[in-house]
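Okay, structure first, notes after.
The values are calculated or read from the model by the stated rules, or taken from the named source; none is laboratory data. Note that the coordinates shown come from a computational prediction; the quantities given were computed from them, not determined experimentally. Here the Cβ positions follow ideal geometry from the backbone for every residue, glycine too, while neighbour counts run over all protein chains shown.
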């Protein structure tokens, strides 16, 4: 889902690694609530993680404090993406 990569600015939500900064990084879409525990394939339950962080997390659910931080970051990035989209429409 390209929209998730774009929303999360092509960077790992856990460590900040990004192929855009020249790092040799492979990005994954990670489920905040793992599928094996009932997590959905929706934008609100997906975030960008590098391969290293995603494999380390496995099927664990993040601790609530980290989860709240990631959810807040996702809300900010969605707003950033929507603002950019609106500005593009205004140029048309």
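Taking the criterion of being part of a loop (DSSP other than H, G, I, E, B) and either at pLDDT 90 or above or within 20 Å of residue 7 (Cβ to Cβ) (or both), the residues of segment 35-50 that qualify are 39, 40, 41, 42. Of all residues in segment 21-46, count the ones that are within 15 Å of the chain's Cα centre (by Cα), surrounded by fewer than 14 Cβ atoms within 10 Å (Cβ to Cβ) and free of Cβ contacts under 8 Å to residues at least 24 places away in the same chain. Looking only at that region, the number is 3. Scanning segment 1-14 for residues being surrounded by 14 or more Cβ atoms within 10 Å (Cβ to Cβ) and in a loop (DSSP other than H, G, I, E, B) gives a total of 7. All conditions in (1) farther than 13 Å from residue 30 by Cα; (2) at pLDDT 70 or above hold for residue 53, with the sole exception of (1).
Assess whether residue 52 counts as being over 25 Å from residue 84 (Cα atoms), surrounded by 14 or more Cβ atoms within 10 Å (Cβ to Cβ) and out of contact with any helix residue (DSSP H, G or I) (no Cβ under 6 Å at 6 or more places or on another chain). For residue 52, the condition - over 25 Å from residue 84 (Cα atoms), surrounded by 14 or more Cβ atoms within 10 Å (Cβ to Cβ) and out of contact with any helix residue (DSSP H, G or I) (no Cβ under 6 Å at 6 or more places or on another chain) - is met.
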